[in-house]
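Taking it in order: structure first as C-alpha cells, then the write-up.
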Amino acid sequence: MLFNSPSFLFFFLPIVWLVFAALKKYGKFQWSLGWLLAASLFFYGWWNPPYLALLVGSIGFNFLAARRLDSLRNRERSTRFTLFFSVGVNLFLLGYFKYADFFLQNVGKLFQVQDIPVLNAMLPLAISFFTFQQIAFLVDVARGKIAEDRFSVYALFISFFPQLIAGPIVHYKELVPQLMRHTTHRVASNRFLSLGITLFGIGLFKKVILADILAIPVDSLHRGIQNTPDLVSSIDAWIGAVAFSFQIYFDFSGYSDMAIGLGLMFGVILPMNFFSPYMASGIADFWRRWHITLSTFLRDYIYIPLGGNRKGRAIQFAAILVTMLLGGLWHGAGWTFVLWGGLHGVFIVASHLLGQKASDFQSELPMLMRGFLRASRIGFTFIIVTLLWVLFRAETPQIAYDIWCKLFDGNHGGTLNLVRDHKVMVVIIVSALVVWLLPNSMMFTHLAKRSAHHDLLYVPMIDIFRKFIFRTQTRFVWVSSVWNAVWVSCVFFMSLILMYSTLSQEFIYFDF
Amino acid sequence: MTSDLTIFSLRISLRFYVVTVMCLIGLLCSGFVGLNYALNDFGLWRDHAMPNQLYGDPLTAKYLLSQRAIPLHFDSLLIGPSVSANVDVGNIASLEMYNLSVQGTNILRIRPTLEAFLENNKRPGTLVFCLYPYFTNNLKLVPSRAYDDPERSALFSTIPLHAYLSRAGRYFSGEAAYDKSSRGMIDISEVRKDHRPPYAEFAKKQDKKIAALIAQPAFTPHDKIIDPEAYKALAEVIERARLKGYRIVAYYYPLNYRDFTIRQLNGEWPYFQQEMNKLFLDRDVVLDFNTSKYDDIRKSETAYMDNHLNRLGADRFAEVLDDALARLNQR
C-alpha cells in the first residue's frame, strides 16, 4: 500500500486513525498500541502477505537477541559474540535477498562461468530499512544504552507503518518514549494534527505533482540514450539529469514528509530526514542534509567504529571511503551504486582537504563576496551531485558514461527536444523555486527547531526578498490561517486528482 | 524582531483549520468529479456525439473512449504507432473507421485499448494494422489507473480540463483544433512541428547513415527489430479479432526512401516483413506501400517531416489507403 494510493488515503488511514483515536479517548491505551501494531502489520502484508512472515520472524529473532544481550550485560566476550552473531544473521538475510544475485553474477563473470544459477529472490519491501533499524537497536542494547522487554512494543517500534517502508530510520529512544506517552488520552494535539495534515499534503504534492511528472524526461533521456542516442541532444541530457536530481529529491523527501506528517497525526514526531540538500555548499554538507537518518546511522555505526577522525587523516579518509562505498551498496546491488557511493566518498575527502583553506580564505572577504561565494559553492555542489545522480539512475555504468559524454558533447541536433515539453519545463522551474526560494518543509512546519540538526537552519531566499521588497520582518512559516488552509486544500486536491487519473508511481526508495 | 506570520494571516483556531482543510478538499473534489460527470467527455455515462478529448494523454483518452463512445459510432479501427496517428481517417470514406493509433505506443501499450474496443463493440468491421518496426519494439505497457477502474478514472480525469484549456489557447491564437473530424487523428506535424528540425536536416543525417552503411555494412540484431513479447501480443490480438469476426487488413507503412534504404541495408526491413507476413492468413489482406507505385509519396521531399508523414503527406496517404480499402470492399 502506498501513501499516495486511494486505498491508503480513503480507507486505511481514516479507519486506523479513527479507531486509534477512539481507543485513546476511552482510555484503552494498551489496546490502542495493539491496534497500531495490527494496522502496521496489515499495511506491510498488503504488499505481499507471505513476506509478512519474514518481517515478523526478523522482529522475533532480534527481540530474542536483544533480550539475550541485555542479560549478558556484564560479560563482554559473550556480549560481543552474541552481537556479532545476531548482526551477522541480519546481514545474511539482507545479503541473501539483496546481494546474492549480484555476487553470483560477478563471480560468474570473474571466473567466466556461463549460466551461473541465480536465486531471483524477490526483494522484501523495506528490508534495508528494518534491518538497519534493528542492527542499531542491537548495538545500543549491547552498549547498555537501552533495553526493551515487551515484545509488542518492540514490534511496534520496528513496524510502525509511517516509517516502516522507507524510513526515516528511527532509533528506539526517538520513537518508543513517544509511543508510550499516555498521560494524555487524546490521539494527538490539534497542533500536531494540523501540522500532520499540512506536512502530508506537502509530501503528497512533492511526490504526485513534482516527482512523478519529472520522471517523464528522466525516462525519456535514459530510454533515448539506450535506443536512439542520435536523437538526444546535449540540452536534453542536461534537462534529464537535472530533472532526476529534482525527481529523486521530491520523491524521497515527499515520502519523508508524508511519513513525518502521519507520525504527527498519531502524536509522534519522527526525526527529520531532509534539510534542503541542494542548499549544501559541499558534498560533506550535502550528506548532512540528505537522508539524514541514514547518514547518521552510517556515521555512528560504520565511520566512527572505523576510527572516524580520531586516528589521523589517512585513517579518516579511508573510513570515509569505506563508509560511502557501503552507503552506495546499501542503495542497491549494482556497480552503479558502488561507484556512486565511492565517488561521493572521493568528493567528501576532497572537500575535507580543501575545506579549511577555503574557509580561511572566505572569512577574510566582505559580506557580499561571501554571499556570492556561498551561492557559487551551492551551484557547484548541485552540479556535482547531479552528475553523480546520473550514475545512480543508470542501469549500467556504460549508460551513465554515455549520458556524461552527451552532457558535454555540445550536440544540439537531437529531436528528443525535452525543452519544448512545456509541462516538464514548468515543473522543473517550479521545482527549482521550491528548492532554492522557499523554506524547506521542516522549517515551514517548525519541526526543524525541534531537531538535533537545527544548526543547519538558514534564512530562505523568499524571506530575504520579502525583507528587501516588502520591508517585512515576518517569516514564511506555517500558522493556522485561512490562507494556509486554502492552499493546503488546493495542494491536496490537485494531488488527489492526479493520483486518481494516473497510476500511483512507487517511491524510488522502495527499491532499497 | 521576526514573527511567525504569513502574508495573508487570517488566523483561525487549530480545530477550525483541520475542519476547513477537510471540507475544502471534499468540496473541490466533489465539484471536479461532478463537472466531469456532467460533461461526460468520454461518453461513458450517456450517449452523445463522438467526443473529442485527445489532448494531454491520448492513450488514456482513447482507452476511456473505447469503453462506449468509439464502439457506438464506429465499427472499424486503424491501429498503429505515431506514423499512423496522424492519418485523418475522416478522409477514408470506405469504412466507418476510428484512428486508435497513438504516438509513442507499440502493440503492448495499445493492446488494452484495442481489447476494450473488441470487448464492447458488437458490430465487427475491419481492423487495419499499420506495420512499422516501432509497433513491435520493446516498450512495456505503462500501467494506468484507467485500466483498473475506467469510470472512476474518468471522473477524476484532468484530460477534459487539459483539452478545454488547449482548445481555448488554440482558439485565441487562431489555430484549429487538431482532430477536426473527431476520429482520433493526432496531427503530429501540427502538435510537434516545432519539436523537429527541418526535413532537409533530417535527410542529410539519413544520407550520412546510408553512406556509412554502404562503407561498412552493419546488421541490426533480430531481437532489436521485433520484441518477442510484442510479437506474441500482436499475434494474439489478431487471432482474437478474427474469432470475433473482424476482417483483418494490414499495411506496411510507406517509409521515405532514405529510411527504406537504411532499413534494407541493415537488414531490418526484410526481416521485419518476413516475420510480420507469418502473422497473417490467406483470408487477411496485407498491403505494401513500399513499392515504386507509391514513389510520389516515398520519394517526395515535401511529404515527410522526418520518418513521419507530415500533414500534406498524411492526407495524400489517406487518399491512397482509402482507394486500396475501397477496392477491397468491391471484392
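The values are calculated or read from the model by the stated rules, or taken from the named source; none is laboratory data. Since the structure is predicted, the reported quantities are computational estimates derived from the model, not experimental observations. All Cβ positions, glycine included, derive from the backbone under ideal geometry; neighbour counts span all protein chains shown.
Look at residue B:161 and say whether it is touching a residue at least 40 places away in the same chain (Cβ under 8 Å) and aliphatic (A, V, I, L, M).
no
Annotation note: Cβ proximity below 6 Å between a residue of the stretch B:19-42 that is at negative phi and a residue that is of a type in the set (Gly, Ala, Ser) (sequence gap 6+ or interchain) occurs for B:20/A:485; B:21/A:485; B:21/A:489; B:24/A:489; B:25/A:489; B:42/B:154. Checked against (1) part of a helix (DSSP H, G or I); (2) within 14 Å of chain A (Cβ to nearest Cβ), residue B:42 passes all but a single condition, namely (1).
Tell me the residue from A:385, A:424 that is more than 30 Å from residue B:206 (Cα to Cα) and surrounded by 14 or more Cβ atoms within 10 Å (Cβ to Cβ), please. Break it down stepwise before answering.
On the way: A:424 fails: more than 30 Å from residue B:206 (Cα to Cα).
Going through A:385, A:424 in turn, just one is more than 30 Å from residue B:206 (Cα to Cα) and surrounded by 14 or more Cβ atoms within 10 Å (Cβ to Cβ): A:385.
Name the residue that is surrounded by the fewest Cβ atoms within 10 Å (Cβ to Cβ), counting only residues in the stretch B:44-84 that are among the hydroxyl-bearing types (Ser, Thr, Tyr) and at pLDDT 85 or above. Show your work before the answer.
Within the stretch B:44-84, the first condition is being among the hydroxyl-bearing types (Ser, Thr, Tyr), and the residues that meet it are B:55, B:60, B:63, B:66, B:76, B:82, B:84.
Going one step further and asking which of them are at pLDDT 85 or above, we end up with B:60, B:63, B:66, B:76, B:82, B:84.
Values: B:60: 27, B:63: 27, B:66: 25, B:76: 22, B:82: 20, B:84: 29.
This residue is B:82.
On the given criteria, is residue A:218 over 26 Å from residue A:130 (Cβ atoms), within 23 Å of the chain's Cα centre (by Cα) and in contact (Cβ under 8 Å) with a residue 40 or more places away in the chain? For residue A:218, the condition - over 26 Å from residue A:130 (Cβ atoms), within 23 Å of the chain's Cα centre (by Cα) and in contact (Cβ under 8 Å) with a residue 40 or more places away in the chain - is met. For residue A:17, the requirement of being assigned to a helix (DSSP H, G or I), crowded, with 17+ Cβ neighbours inside 10 Å and of a type in the set (Phe, Trp, Tyr) is met.
Among the residues of the stretch B:218-232, is any at pLDDT below 90, surrounded by fewer than 19 Cβ atoms within 10 Å (Cβ to Cβ) and touching an Asp or Glu at 6+ places or on another chain (Cβ under 8 Å)? So far as the stretch B:218-232 goes, yes, one or more of its residues are at pLDDT below 90, surrounded by fewer than 19 Cβ atoms within 10 Å (Cβ to Cβ) and touching an Asp or Glu at 6+ places or on another chain (Cβ under 8 Å).
Looking only at helices (runs of 4 or more DSSP H) that fall completely inside the stretch B:196-244, which ones have 3 or more residues that are among the aliphatic types (A, V, I, L, M)? Walk me through it before giving the result.
Values: elements: B:199-215, B:222-225, B:228-243.
Hits in the stretch B:196-244: B:199-215, B:228-243.
Consider the stretch A:90-118 and keep the residues that are out of contact with any Ser or Thr (no Cβ under 7 Å at 6 or more places or on another chain) and closer than 23 Å to residue A:64 by Cβ. The one that is surrounded by the fewest Cβ atoms within 10 Å (Cβ to Cβ) is A:92. Residues in the stretch B:256-314 that are part of a strand (DSSP E or B) and among the hydrophobic types (A, V, I, L, M, F, W, C): B:285, B:286, B:287, B:309. Checking the structure you have, find out if any residue of the stretch B:272-281 is surrounded by 20 or more Cβ atoms within 10 Å (Cβ to Cβ), charged (D, E, K, R), in contact with a Ser or Thr (Cβ under 9 Å, 6 or more places away or on another chain) and farther than 30 Å from residue B:120 by Cβ. Looking through the stretch B:272-281, none of the residues is surrounded by 20 or more Cβ atoms within 10 Å (Cβ to Cβ), charged (D, E, K, R), in contact with a Ser or Thr (Cβ under 9 Å, 6 or more places away or on another chain) and farther than 30 Å from residue B:120 by Cβ.
If you check B:65, B:27, B:72, which single one turns out to be in contact with a Pro (Cβ under 7 Å, 6 or more places away or on another chain) and in a helix (DSSP H, G or I)? Talk me through it step by step, then tell me what you get.
Working: B:27 fails: in contact with a Pro (Cβ under 7 Å, 6 or more places away or on another chain); B:72 fails: in contact with a Pro (Cβ under 7 Å, 6 or more places away or on another chain).
B:65 is the lone residue from the list that is in contact with a Pro (Cβ under 7 Å, 6 or more places away or on another chain) and in a helix (DSSP H, G or I).
Of all the criteria given as (1) modelled with pLDDT of 85 or more; (2) within 7 Å of chain A (Cβ to nearest Cβ), the one not satisfied by residue B:19 is (2). Pick out, from the stretch A:158-277, the helices (runs of 4 or more DSSP H) lying fully within it that include 2 or more residues that are in contact with a Gly (Cβ under 8 Å, 6 or more places away or on another chain) and at pLDDT 85 or above. Passing ranges, in order: A:161-164, A:190-204, A:212-227, A:234-265.
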